[in-house]
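**Student:** Here it is, the structure in full.
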Amino acid sequence: MKQYHLNTNCVQAGYTPKNGEPRVLPITQSTTYKYDSSEDMGKLFDLTASGYFYTRLQNPTNDAVAAKIAALEGGVAAVLTSSGQAASFFSIFNICSAGDHVVSTSAIYGGTFNLFSVTMKKLGIDFTFVSPDADDAELNAAFKPNTKVVFGESLSNPALIVLDIEKFAKLAHAHGVPLVVDNTFPTPVNCRPFEFGADIVMHSTTKYMDGHATSVGGVIVDSGNFDWTQNDKFPGLTTPDDSYHGVTYTESFGKGAYITKAVVQLMRDLGSVPAPQNSFLLNLGLETLFLRVERHCQNALAVAKFLEADDRVAWVNYPGLKSSKYYDLAQKYMPNGTCGVVSFGLKTGRDGAVKFMDSLKLAAIVTHVADCRTCVLHPASTTHRQLSSEELDACGVGEDLIRFSVGIEHVDDIIADLEQALDSNQNRDS
Ligand code: PLP
């Protein structure tokens, strides 16, 4: 089959209508599907025939969008979830249970940190957090005999730390476990973690993929490259599942084992399926993902350069700037651009940050990040407020950090807004 370019796949992958069928992906807003006999339906429950029977497990709209994202990441299969949080949880819980251990970088989204360090810990899964910049000795020391997976963010929210994916993939593989990468910020348009050895990728599709702030969602994609049978660490995949008539996922589904288990076991038991209507909206977002990401990155680089040149700004962090500690890693893993998010601090510190943000007119203060409208957030007093000062430091989130999510408006208007807010911030301080 012809391999299309990524921007073609953004528009076309996942749904190919047959003669006379709708050109636009239809919304199958039905929980259930009709069969002629109980025997027909029984085969579906036994996983001996494929077909739809209940939308919590599979739905044509959701599946088409999952297939599109799998194509964008270069994976073999994907499952959509109702949120990015559900995707993070499922990506780990699909191969870990009570008594297991996970190595995660500390530079991750605050909600993921909380999920791991509080909620999953209550389920008996233990986490060791390592600096993404740690040396090999420190990283190797984090592993235990019961370590089952390594987790990191390709470009962390909000610290914008670029993960050395190849280093972490080699490390994980040396210990016989897979690397899961949260690729939300760069999206597959800018970074394709499978090409550097990552095994599983997950996203909060709520961000650039949806792109319009309409729908919370998530996705998990499997590269199909990790050999789950290489050791005895993954009995959930390599031994019979009594809750599914003794199916052994690796034997019956090969490279599809991990995603099949996530669907038929985790989705069956825990739900977290997206509404088909939301998947339809996500698909509309994906159709323009390539164009939007390009413009986000152009605008963000211009904003970062503007801020860097202003002497009221204490520091700017944007991996696309040559001054960034992560510039070289960004050039390696995301050479065409990083993301639209720029973080910075003002010389007036935490109080100055809050005043500055209140003065912005075009950029709105919202919890959200990474949609087409420019928006801004002070993580230390919002998304990360439950973290201690030490935990904030570990995540790379200073108390003065302003997260500025550059949209796709005209860049001159965005910069003018920053300029007037800086002026009024300075006025109020004097
Ligand atoms: N991963 C990253 C990098 C995020 O930024 C977020 C949310 O901000 C999540 C995961 C969680 O996603 P959601 O809000 O869709 O549950």
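The values are calculated or read from the model by the stated rules, or taken from the named source; none is laboratory data. The shown structure was predicted, so the numbers you read here are calculated from the model rather than taken from an experiment. Note that each Cβ is placed from the backbone with ideal geometry, even for glycine, and that neighbours are counted across all protein chains shown. These accessible areas exclude ligands, DNA and RNA; they are computed on the full protein's heavy atoms, side chains included. Shrake-Rupley method; radii C 1.70, N 1.55, O 1.52, S 1.80 Å.
**Student:** Within region 74-89, which residues are surrounded by 21 or more Cβ atoms within 10 Å (Cβ to Cβ) and within 15 Å of the ligand (Cβ to nearest atom)? Outline the logic, then answer.
**Tutor:** Step one: filter region 74-89 for residues surrounded by 21 or more Cβ atoms within 10 Å (Cβ to Cβ), giving 75, 77-81, 84, 86-89.
Of everything in region 74-89, those that are surrounded by 21 or more Cβ atoms within 10 Å (Cβ to Cβ) and within 15 Å of the ligand (Cβ to nearest atom) turn out to be Val79, Leu80, Thr81, Gly84, Ala86, Ala87, Ser88, Phe89.
**Student:** I'd like to verify a number: residues in region 384-423 that are of a type in the set (S, T, N, Q), surrounded by fewer than 21 Cβ atoms within 10 Å (Cβ to Cβ) and within 16 Å of the ligand (Cβ to nearest atom), how many?
**Tutor:** Within region 384-423, residues that are of a type in the set (S, T, N, Q), surrounded by fewer than 21 Cβ atoms within 10 Å (Cβ to Cβ) and within 16 Å of the ligand (Cβ to nearest atom) number 1.
**Student:** Could you list, in sequence order, the residues of region 200-214 that are open to solvent by less than 10 Å² (accessible area, probe 1.4 Å) and either more than 12 Å from the ligand (Cβ to nearest atom) or assigned to a loop (DSSP other than H, G, I, E, B) (or both)?
**Tutor:** Kept after step one, since they are open to solvent by less than 10 Å² (accessible area, probe 1.4 Å), are these residues of region 200-214: 200-203, 205, 208-211.
Correct list: Ile200, Thr205, Tyr208, Met209, Asp210, Gly211.
**Student:** From the list Asp232, Asp222, which residue is more than 16 Å from the ligand (Cβ to nearest atom), under 18 Å from Ile95 (Cα atoms), surrounded by fewer than 24 Cβ atoms within 10 Å (Cβ to Cβ) and at pLDDT 95 or above?
**Tutor:** Just one listed residue meets the conditions, Asp232.
**Student:** Go through region 27-56 and give me each residue that's under 21 Å from Thr81 (Cβ atoms) and open to solvent by 50 Å² or more (accessible area, probe 1.4 Å).
**Tutor:** Ile27, Gln29, Thr31, Thr32, Ser50, Tyr52, Tyr54, Arg56
**Student:** If you don't mind, there's one more thing I want to ask. Which condition from (1) among the hydrophobic types (A, V, I, L, M, F, W, C); (2) assigned by TED's automatic domain parsing to the domain that holds Ser405; (3) surrounded by 16 or more Cβ atoms within 10 Å (Cβ to Cβ); (4) out of contact with any helix residue (DSSP H, G or I) (no Cβ under 7 Å at 6 or more places or on another chain) is the one that Val303 breaks?
**Tutor:** Result: Val303 fails condition (4) only.
**Student:** Scan region 351-371 for residues that are crowded, with 16+ Cβ neighbours inside 10 Å and more than 16 Å from the ligand (Cβ to nearest atom) and jot them down.
**Tutor:** Gly352, Ala353, Val354, Lys355, Phe356, Met357, Ser359, Leu360, Leu362, Ala363
**Student:** While we're on this one: Looking at region 314-323, which of its residues are touching a residue at least 60 places away in the same chain (Cβ under 8 Å) and over 16 Å from Gly407 (Cβ atoms)? Before you say what the answer is, go through the steps one by one.
**Tutor:** Pass one, region 314-323, residues touching a residue at least 60 places away in the same chain (Cβ under 8 Å): 314, 317-319.
Listed by number, the residues that qualify are Ala314, Asn317, Pro319.
**Student:** I'm told Val103 meets every condition in (1) within 16 Å of the ligand (Cβ to nearest atom); (2) open to solvent by less than 10 Å² (accessible area, probe 1.4 Å); (3) part of a strand (DSSP E or B) except one. Can you identify the failing condition by its number?
**Tutor:** (1)
**Student:** Residue check: is Ala141 under 17 Å from the mean Cα position of the chain (by Cα), of a type in the set (A, V, I, L, M, F, W, C) and more than 16 Å from the ligand (Cβ to nearest atom)?
**Tutor:** When the stated conditions are applied, Ala141 does not pass them.
**Student:** Find all pairs meeting these conditions: Cβ atoms under 6 angstrom apart; at least six residues apart or on different chains; first residue within region 112-126 and open to solvent by less than 20 Å² (accessible area, probe 1.4 Å); second residue more than 16 Å from the ligand (Cβ to nearest atom).
**Tutor:** Ile125/Cys96; Ile125/Asp100
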